[in-house]
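Q: Have a look at this one before I ask anything.
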Amino acid sequence: MSKVRIAIIGAGAVSDYHHVPGIRIDDRCELVSVCDPNEALLEQRQKDWGPTKKTTDYHDIANDPDVDAVIIATPNFVHHEQTLACVNAGKHVMCEKPLGLNFSQAAEMYRAARDNNVRHMTAFTYRFAPSMRYVRHLVQSGALGVPRHFRSQRFLDWPETSWGWRQYKDKAGAGDLFDMTIHRIDFAADLMGPIKSICGAVAQFAPRDKFDDGRSCPPSEVDDWSSLIGLFESGATGVWEGSTLMKGHHNNGFGYEWAEVNGSEGSAAYQLTDPNNVIIGKHGGTMEKVPVPDEFLVIEGSPRPPHEGVPSTVFRYDLVWEFVSAIVEGRDCVPGFHHGAIAQCVADSCLASFDKRSWVDINADLG
């Protein structure tokens, strides 16, 4: 089979940090085209990533017969239109989260990909962390007994200056909730099953009305703290909290993350900063750190050396391996657009819950 020819729409840091390294280590695919509205950045990427086709118009990518698959790593407000253009042209698509500005957009993206019979993937990066994969195994194998509780914290210590487009509702949809907490919503559902209902809250503490050089800008419209309490269909409970304003949790840009499952027989916890180890305890014992078994350090078949590189960085390259594997094997990607849409529905419900000051049932009807 010839190589899967991949184009990237959005040549920013996420593509440079996650996706291009993943393409480089996968000999089943190649980067053939890059799109970005910033012509200077496009020129720089020709040096950084090697020569490819380049364009400032995403329609050129959608209509290019020499492109098989597209990675969309652009601002939230253009995910919907760019994805629809690509899937309706028969391209396989991996899109960054959140899929859209709301559940309605995300569900439409899923239906379009499904109806055009193309592979579709939501870039929920942390599903690929070795420790998260091992915690999932412990849950599914029954090693922890019956799952009862899930909880997560994601804390970042970011400056209180402007986020640019990310701080306006018509461009981002929401703040920390859509940017960070949505990841934890997704892997909670992956670990514990469907979420039945939630009670949520958001808050904004930083006006973000200045750029880092002191120039003024319109103030932020989105949250910089979010929290949910949830009930799963299984009867288990969940608690989520995320914030970009947790002073002292900078940690070289990685911040702090803790995600834990408590079962009837034991508990297991994952930390982003130490993804090759997990913390496990059984009834009557003490939570202790243990190495993730080698078979969980990379996803099956990935050429990524399991013990090389910065652990909290290199697992991200496995997104491309899963995307290309699904294309080559003619199967669904995991996680797909349906997973992204369901997580978006829960995040939307958090905003609705806070507005109503009440519990909200999750109704993620994808049509």
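The values are calculated or read from the model by the stated rules, or taken from the named source; none is laboratory data. Treat the numbers as computed from the prediction; the structure is a model and nothing was measured. Every residue, glycine among them, receives a Cβ derived from its backbone with ideal geometry; neighbour counts consider all protein chains shown.
Q: Quick one: in region 160-175, which of the residues that are in contact with a helix residue (DSSP H, G or I) (Cβ under 9 Å, 6 or more places away or on another chain) and part of a helix (DSSP H, G or I) is surrounded by the fewest Cβ atoms within 10 Å (Cβ to Cβ)?
A: D170
Q: Could I ask something else about it? Condition first: modelled with pLDDT of 95 or more, buried (at least 21 other Cβ atoms within 10 Å of the Cβ) and closer than 30 Å to P303 by Cβ. Can you find one or more residues in region 342-356 that meet it?
A: Yes, there is a match, as at least one residue in region 342-356 is modelled with pLDDT of 95 or more, buried (at least 21 other Cβ atoms within 10 Å of the Cβ) and closer than 30 Å to P303 by Cβ.
Q: While we're here: Return yes when A326 is farther than 27 Å from G238 by Cα and in contact with a Lys or Arg (Cβ under 7 Å, 6 or more places away or on another chain) and no when it is not.
A: yes
Q: Please find, among G309, G367, the residue that is closer than 28 Å to K196 by Cβ and surrounded by fewer than 23 Cβ atoms within 10 Å (Cβ to Cβ). Steps first, answer last, please.
A: On the way: G309 fails: closer than 28 Å to K196 by Cβ.
Testing whether each residue is closer than 28 Å to K196 by Cβ and surrounded by fewer than 23 Cβ atoms within 10 Å (Cβ to Cβ) leaves just G367.
Q: Considering only region 181-229, state which residues are within 18 Å of G340 (Cβ to Cβ) and assigned to a strand (DSSP E or B).
A: I195, I198, S226, L228
Q: V278 - would you say it is assigned by TED's automatic domain parsing to the domain that holds E295, in contact with a Gly (Cβ under 8 Å, 6 or more places away or on another chain), β-branched (V, I, T) and assigned to a strand (DSSP E or B)?
A: Against the criterion (assigned by TED's automatic domain parsing to the domain that holds E295, in contact with a Gly (Cβ under 8 Å, 6 or more places away or on another chain), β-branched (V, I, T) and assigned to a strand (DSSP E or B)), V278 does not qualify.
Q: Taking the criterion of being buried (at least 20 other Cβ atoms within 10 Å of the Cβ) and touching a Pro at 6+ places or on another chain (Cβ under 7 Å), would at least one residue in region 324-336 satisfy it?
A: No, there is no match, as no residue in region 324-336 is buried (at least 20 other Cβ atoms within 10 Å of the Cβ) and touching a Pro at 6+ places or on another chain (Cβ under 7 Å).
Q: Here are K47, K91, K97, K53: which of them is charged (D, E, K, R), within 24 Å of C350 (Cβ to Cβ) and modelled with pLDDT of 95 or more?
A: Result: K97 is the single residue among K47, K91, K97, K53 that is charged (D, E, K, R), within 24 Å of C350 (Cβ to Cβ) and modelled with pLDDT of 95 or more.
Q: Right, something else. Looking at region 191-239, which of its residues are buried (at least 17 other Cβ atoms within 10 Å of the Cβ), out of contact with any strand residue (DSSP E or B) (no Cβ under 9 Å at 6 or more places or on another chain) and not small (G, A, S)?
A: R208 - this is the single residue of region 191-239 that is buried (at least 17 other Cβ atoms within 10 Å of the Cβ), out of contact with any strand residue (DSSP E or B) (no Cβ under 9 Å at 6 or more places or on another chain) and not small (G, A, S).
Q: Working carefully through the options R111, R148, R133, R127, find the one that is under 30 Å from L245 (Cα atoms) and surrounded by fewer than 19 Cβ atoms within 10 Å (Cβ to Cβ).
A: None of the other options fit; the residue is R148.
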